[in-house]
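A quick write-up on the structure given underneath.
The values are calculated or read from the model by the stated rules, or taken from the named source; none is laboratory data. Nothing here was measured: the structure is a model prediction, and the numbers come from that model. Virtual Cβ from ideal backbone geometry, glycine too; neighbours counted across all protein chains shown.
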Amino acid sequence: MKVLLIGSGGREHALAWKLAQSPLMTEFYTAPGNPGIAEHATLVSLDVEDQEAVAAFCAEKAIEFVVVGPEAPLVAGLADRLRTDGLKVFGPSAAAAQLEGSKGFTKDICARYNIPTGAYQRFNNAPKAKAYIRAQGAPIVVKADGLAAGKGVTVAMTVEEALAAVDDCFEGAFGSAGAEVVIEAYLDGEEASFFCLCDGTNALPLVTAQDHKRVGEGDTGVNTGGMGAYSPAPVMTTEMIERTMQEIIEPTIRGMAESGHPFSGVFFAGLMITAKGPELIEYNVRFGDPECQVLMMRLKSDLLPLLLAAAEGTLDQVTAEWSDDPALTVVMASKGYPGSYEKNTPIRSLPEAGEGAKVFHAGTSLKDGQLVATGGRVLNVTATGRTVSEAQSRAYALLDKVEWENGFYRRDIGWRAIEREKA
Ligand code: AMP
Ligand code: GLY
């Protein structure tokens, strides 16, 4: 099968690494990719925002299946455009991608289908939003409605902080994403990520993971795209997984189908496990980054037929096998991330990762033969082990061998699971 993968992050390196192992693969391209992905696929320098250019490339190479990694091209309708040419695509239509593209859209589905989530209201002007905040009190959560690269959410511990966040949104801090604001109740509990493939009708639950969103050790500092992850998340017991499927995923699938926009692709449900059980914080319509890296380390099955089944409507005919061993990934980022950081700093040496370990590339590039860091999140050092503690030790042993002066990372990835293991 001739396959094109869209994207260039650590998530796409993990997908490329797994896809390239498929016996079904005959030709494999990635646009735009990165130097790590180049070990598994032919890189194509396409502008993925240019849907006509992507379609023309697919026609020229007789591509049969396109896997879309990130959310932005999905929300922009790339899957719809490619499907009009008869291509098979892994990833939802623009209409179904609203589950990630509009927080208000998702909250309305939750309300209509009785899906557990924080109570909320949507606002398109600051005075009404502020009045609601004053009436509700703190803690309270203020969210820009649209895509804001993970930065549009303020978990406000005081009313003043929440009011300031409302001003930020309506004064344009998040561009058009902040033209509408969702204000929702603060949920108290432990967060977990749940992944589930969907083909419009059928669901295939995958596994769970836990991200570390804050930049600093002990979960302190500002939110980032994710500083490390591990899988599985112990808080997601069999009972919690079953309840998530019944109370959250299945009604969403029904709701999307009934609204005329059936969802195909991957549901990435951000959950808060509260005293009442699983509650939905948000949906993403693509794999998590860096959660995907740990999922791919644990997946024993061929990934290609699974993604293809989601695109073709045959998920009821496939199963996925997983290793019981946990996997853990540590993100190495440029000093300064998630704020501003220096670009093109040299990465002088990467360690040889043996069996059960892998260094995935995210924001890297090659300049005159030298590997350099071009992004905020740059490397994902990933390892498996019999326990999370063992996976963590192996990952940090590898990290110590990375020679990149401008890089930093958290030293405590996996701490919740490791505390449980010690207890
Ligand atoms: P989101 O972009 O919606 O995932 O939000 C970013 C982060 O904000 C989440 O991972 C949570 O840590 C936090 N968050 C979002 N909504 C809530 C909520 N209702 N209650 C508590 N924390 C939240
Ligand atoms: N790691 C969180 C995300 O991919 O949105």
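Numbers below:
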{"read-out": "Residues located in segment 376-386, provided they are farther than 17 Å from Met296 by Cα and in contact (Cβ under 8 Å) with a residue 60 or more places away in the chain", "value": "Gly376, Arg377"}
{"read-out": "Residue in segment 244-267 that is of a type in the set (Gly, Ala, Ser) and within 16 Å of ligand 1 (Cβ to nearest atom) present", "value": "no"}
{"read-out": "Residues within segment 175-205 that are within 16 Å of ligand 2 (Cβ to nearest atom) and surrounded by 21 or more Cβ atoms within 10 Å (Cβ to Cβ), tallied", "value": "6"}
{"read-out": "Among (1) without any contact (Cβ under 8 Å) to a residue 60 or more places away in the chain; (2) surrounded by fewer than 20 Cβ atoms within 10 Å (Cβ to Cβ), the one test that Leu24 misses", "value": "(1)"}
{"read-out": "Qualifying residue in segment 67-75 (condition: without any contact (Cβ under 8 Å) to a residue 60 or more places away in the chain and buried (at least 19 other Cβ atoms within 10 Å of the Cβ))", "value": "no"}
{"read-out": "Residue match in segment 287-300 (condition: at pLDDT below 95, among the small types (Gly, Ala, Ser) and closer than 27 Å to Gly414 by Cα)", "value": "no"}
{"read-out": "Matching residues in segment 264-284 - criterion: being hydrophobic (A, V, I, L, M, F, W, C), surrounded by fewer than 23 Cβ atoms within 10 Å (Cβ to Cβ) and either away from ligand 2 (no atom under 14 Å from the Cβ) or assigned to a loop (DSSP other than H, G, I, E, B) (or both)", "value": "Met272, Ile273, Ala275"}
{"read-out": "Number of the condition not met by Phe174 [criteria: (1) over 21 Å from the mean Cα position of the chain (by Cα); (2) within 24 Å of Tyr337 (Cα to Cα); (3) more than 11 Å from ligand 1 (Cβ to nearest atom)]", "value": "(1)"}
{"read-out": "Residue list for segment 268-306, filter: within 10 Å of the chain's Cα centre (by Cα) and more than 27 Å from Arg386 (Cα to Cα)", "value": "Tyr283, Asn284, Val285, Arg286"}
{"read-out": "Subset of segment 357-375 (residues that are small (Gly, Ala, Ser) and over 16 Å from the mean Cα position of the chain (by Cα))", "value": "Ala357, Ser365, Gly369, Ala373, Gly375"}
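Per-residue answers, yes or no, for (1) at pLDDT below 90; (2) surrounded by fewer than 17 Cβ atoms within 10 Å (Cβ to Cβ); (3) over 25 Å from the mean Cα position of the chain (by Cα); (4) within 16 Å of ligand 2 (Cβ to nearest atom):
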{"position": "Ala97", "(1), (2), (3), (4)": "no, no, no, yes"}
{"position": "Ala129", "(1), (2), (3), (4)": "no, no, yes, no"}
{"position": "Gly137", "(1), (2), (3), (4)": "no, yes, yes, no"}
{"position": "Ala144", "(1), (2), (3), (4)": "yes, no, no, yes"}
{"position": "Val153", "(1), (2), (3), (4)": "yes, no, no, yes"}
{"position": "Met157", "(1), (2), (3), (4)": "no, yes, yes, no"}
{"position": "Glu160", "(1), (2), (3), (4)": "no, yes, yes, no"}
{"position": "Ala165", "(1), (2), (3), (4)": "no, no, no, no"}
{"position": "Phe170", "(1), (2), (3), (4)": "yes, no, yes, no"}
